[in-house]
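Student: Next up is a structure, given as structure tokens.
The values are calculated or read from the model by the stated rules, or taken from the named source; none is laboratory data. Since this is a predicted model, take the numbers as computed values, not measurements. In this analysis, Cβ positions are derived from the backbone assuming ideal geometry, glycine residues included, and neighbour counts consider all displayed protein chains. To get the accessible areas, we keep the full protein, side chains included, count just its heavy atoms, and leave off ligands, DNA and RNA. Shrake-Rupley method; radii C 1.70, N 1.55, O 1.52, S 1.80 Å.
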Amino acid sequence: MNAGGKGANQAVAAAKLGGAVTFFAKVGNDIFGEQAKILFEKEGINTSYILTDEKYPSGVALITVDEKGENCIVVAPGANNELTVDDLQQQKKIIESASIILMQLEIPLTTVEFVAGIASKAKIKMVLNPAPACQLSDELLEKINIITPNQKEAEMLTGIKVSDRKSAEEAALALYKKGIETVIVTLGSEGALLLDENEFNFINAPIVKAIDTTAAGDVFNGALVVALSEGMKMKDAVAFACRAASISVTKLGAQASAPTRNEVENFIF
């Protein structure tokens, strides 16, 4: 039994890599919620805005991993699905103080759209990891600076089946044309395709022996926002994120697999 949740994994990954992280979330009034907050605090994450829901339990997930390290996840969202616009309405100024915002889709879409609106008006760079995959409106996509779908998520958003580099480029271009400044299609062990400033770049992932791919995408996103917040150029930030994600698949678990900054900078592939 391990701590997880997409937003939580991303927050922990960013904190382990040196990011100053404030995490907005909702947990249940139960042992899982209490343990989660304790773990976040140990990682140096600001937990002031993690709310407790008295009605719904903390979200949980059952994860299976095959012999190749690939995973399949069934989620019971619980309190995650109750993080509403009303919950964040009073925190608008705190959200506006961020240098970069990272969100995913394990919270209500209306909440994602609300925060995207705040970020857009305040001109804060916003990264959306569109997972779990679902349809998104063009109005929301226009407010996103950076989107980071994997192959299946890119297909869900564009209708283009991503099976190789060429189809990844087609899907990335379709998203780019919707007004997103930067599109990054993550391709697992192959690396990532970057479309930025109307230019394609392919960033290879280091070759490792994968034992568990759980949270690799979350680690990628956490690493990406840390790199960008430090002023790295986009290509370098994506390479840094690929490196961090590659290290994570060599370990079991979700948050437990997130590497430290020292590991990323000194890991020998």
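Student: Sum -39500 (n - 2.57) across every DSSP H segment of at least 4 residues in the chain, then divide by the residue count to get the 222 nm mean residue ellipticity, nearest 500.
Tutor: Only helices count here, giving -11500 deg cm²/dmol.
Student: Would you check the accessible area of Leu17, probe 1.4 Å, heavy atoms only, in square angstrom rounded to 10?
Tutor: 0 Å²
Student: How large is the accessible surface of Glu142 in square angstrom, using a 1.4 angstrom probe and rounding to the nearest 10?
Tutor: Counting only protein heavy atoms, Glu142 exposes about 120 Å² to solvent.
Student: Hey, how many Å between the Cα centroid of the stretch 218-269 and the Cα centroid of the stretch 19-49?
Tutor: The stretch 218-269 and the stretch 19-49 have Cα centres separated by 21 Å.
Student: For Gly191, what residues show an amide H to amide H distance below 5 Å, using hydrogens built from the backbone and excluding near sequence neighbours?
Tutor: Ala205
Student: Cα-based Rg of the stretch 88-177 per 2.2 N^0.38 Å, rounded to two decimals?
Tutor: Rg over 2.2 N^0.38 Å, computed on Cα atoms: 1.13.
Student: Would you pull out the residues with amide H under 5 Å of Gly28's amide H, same chain only if 5 or more places away, H placed 1.01 Å from N?
Tutor: Gly33, Asp53, Ser58, Gly59, Ala79
Student: With +1 assigned to the C-beta of every Lys and Arg and -1 to the C-beta of every Asp and Glu, and no other charges, what is the dipole magnitude of the stretch 1-116 about the Cα centre in debye, to the nearest 20?
Tutor: 300 debye
Student: Also, quick follow-up: Toward the positive end of the charge dipole of the chain, about the Cα centre and with charges on Cβ (Lys, Arg +1; Asp, Glu -1), which of Val12, Ile31, Pro149 goes farthest?
Tutor: Selected residue: Val12.
Student: Please work out whether the stretch 79-133 counts as rounded, prolate or oblate from its C-alpha gyration tensor, where a ≥ b ≥ c are the square roots of the eigenvalues and a/c under 1.5 means rounded, while otherwise a/b larger than b/c means prolate and anything else oblate?
Tutor: oblate
Student: Any aspartates and glutamates with Cα under 12 Å of the Lys26 Cα? List them, leaving off those in the same chain fewer than 8 positions away.
Tutor: Glu34, Asp53, Glu54, Glu82, Asp87, Glu106
Student: Could you check how much of the accessible area of the chain is carbon and sulfur, as a whole percent, using a 1.4 Å probe? Write down the numbers at each step before the final one.
Tutor: Values: 6640 of 13180 Å².
Here it works out to 50 percent.
Student: With charges only on Cβ, +1 for K and R and -1 for D and E, what is the dipole size of the chain about its Cα centre, in debye, rounded to 20?
Tutor: 400 debye
Student: Counting pairs of alpha carbon atoms under 8 Å apart in space and at least six apart in sequence, what relative contact order in percent does the stretch 175-269 give? Don't skip to the answer; put the middle values down first.
Tutor: Details: 147 pairs, mean separation 24.2, N = 95.
It rounds to 25 percent for the stretch 175-269.
Student: Put one equal scatterer on each alpha carbon of the chain, apply the Debye formula with no solvent term, and list log10 I(q)/I(0) at q = 0.13 1/Å to two decimals.
Tutor: Summing over Cα pairs of the chain leads to -0.81.
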